[in-house]
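Student: Questions regarding the structure given below will be posed in turn.
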Amino acid sequence: MKFTIVTPSYNKGAYLERTIQSVLAQQHPAIEVEYLVLDNFSDDGTAEILDRYAQHPHVQVQRYHDRGQADAINQGWQKGRGEIYAWLNADDVYLDQVLAQVAEYFQQHPQVMAIYGEAVYIDANDRVLKPVTNIRNYSRKQLLSHDFITQPATFLRREVVESTGLLATQYRYVFDWDYWIRISKRYDFVRVPIVLAGYRITGDNLTTTGNKRRLQEMIQVVWQHGGLFHLLRFGWRLVRKYAARKIEIPSVAPTHASRSPQS
């Protein structure tokens, strides 16, 4: 089974090589990995890292000025020829041999078109901080007011990507949630009980910064896809969350290893 994996990159040199190595370590007789790293002309040492992989038979390195993270992923996916599509941000990692497990699941469940699994939060030194506890069993209705799908642990059949279209480049923070909702209008996701990815918390991730703009984008997505009813559900969930002082993402100090606008 062939995978197309895209890593959008901009000034994540402190973590990028670990991301690349986590993909290359997935080599298995049952899978083929088409791996594209698209870099937006980083100026933090990323170029030197990518030069080491320029001739690697399993890595395609491309540098060009993109219009944001979603645009870079779109460009990579449009070049892809895999059966299964995913993207892995330049500071996240796959855990050992997870692509082989994903391939096995898809092969054993040919009717399943999209899956997401479990994940753990990791720090700048790859230390596991805690499991991602925001993940929920799939519900098309709940997805309209709650993004419970963890992006680096999500995999899609090619048909899903082709029929859903490109990621929405007008969003900086929530283009993944918007995409999951768009997918759910035609396909059901399946949650698999496998820890697939490490979601790195550095203190300057998109998920942990840009509070006002991120909230505005979240409201826009809920209103567009769910209307007033789900917007009220979204608001009520936030009220309960903050009233209970529930903190999902571990708090870490910014590392200042990156000036990236991406997460």
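The values are calculated or read from the model by the stated rules, or taken from the named source; none is laboratory data. Just so it is clear, the structure is predicted and the values come from calculations on it, not from any experiment. Cβ placement follows ideal geometry from the backbone for every residue including glycine, while neighbour counts extend to all protein chains displayed. Heavy atoms of the whole protein, side chains included, go into the accessibility calculation; ligands, DNA and RNA do not. Shrake-Rupley method; radii C 1.70, N 1.55, O 1.52, S 1.80 Å.
Student: Does residue 64 satisfy the condition of being among the hydroxyl-bearing types (Ser, Thr, Tyr), farther than 30 Å from residue 233 by Cα, loosely packed, with under 15 Cβ neighbours inside 10 Å and out of contact with any Lys or Arg (no Cβ under 6 Å at 6 or more places or on another chain)? Give the derivation first.
Tutor: Values: among the hydroxyl-bearing types (Ser, Thr, Tyr): yes; farther than 30 Å from residue 233 by Cα: yes; loosely packed, with under 15 Cβ neighbours inside 10 Å: yes; out of contact with any Lys or Arg (no Cβ under 6 Å at 6 or more places or on another chain): yes.
For residue 64, the condition - among the hydroxyl-bearing types (Ser, Thr, Tyr), farther than 30 Å from residue 233 by Cα, loosely packed, with under 15 Cβ neighbours inside 10 Å and out of contact with any Lys or Arg (no Cβ under 6 Å at 6 or more places or on another chain) - is met.
Quick grid of which residues meet (1) of a type in the set (D, E, K, R); (2) within 16 Å of the chain's Cα centre (by Cα); (3) at pLDDT below 95:
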position: 118; (1), (2), (3): yes, yes, no
position: 130; (1), (2), (3): yes, no, no
position: 147; (1), (2), (3): yes, yes, no
position: 152; (1), (2), (3): no, yes, no
position: 162; (1), (2), (3): yes, no, no
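Student: Sticking with this one: Restricting the search to the range 72-120, which residues are in a strand (DSSP E or B) and either open to solvent by less than 10 Å² (accessible area, probe 1.4 Å) or under 23 Å from residue 38 (Cβ atoms) (or both)? I'd like the intermediate steps shown before the answer.
Tutor: Here is the first cut: in the range 72-120, the residues in a strand (DSSP E or B) are 84-87, 93-94, 114-120.
The answer is 84, 85, 86, 87, 93, 94, 114, 115, 116, 117, 119.
Student: Then there's this: Based on this model, can you work out whether residue 54 counts as modelled with pLDDT under 95, of a type in the set (A, V, I, L, M, F, W, C) and open to solvent by 10 Å² or more (accessible area, probe 1.4 Å)? I'd like the intermediate steps shown before the answer.
Tutor: On the way: modelled with pLDDT under 95: yes; of a type in the set (A, V, I, L, M, F, W, C): yes; open to solvent by 10 Å² or more (accessible area, probe 1.4 Å): yes.
So residue 54 passes the test.
Student: Please go through the range 19-33 and pick out each residue that is open to solvent by 60 Å² or more (accessible area, probe 1.4 Å) and in contact with a Lys or Arg (Cβ under 9 Å, 6 or more places away or on another chain). Spell out how you get there, then give the answer.
Tutor: Going through the range 19-33, the residues open to solvent by 60 Å² or more (accessible area, probe 1.4 Å) turn out to be 21, 27-29, 32.
Of everything in the range 19-33, just one residue is open to solvent by 60 Å² or more (accessible area, probe 1.4 Å) and in contact with a Lys or Arg (Cβ under 9 Å, 6 or more places away or on another chain), namely 32.
Student: Looking only at the range 124-183, count every residue that is in a helix (DSSP H, G or I), among the acidic types (Asp, Glu) and open to solvent by 60 Å² or more (accessible area, probe 1.4 Å) and tell me the total.
Tutor: Final tally of qualifying residues: 2.
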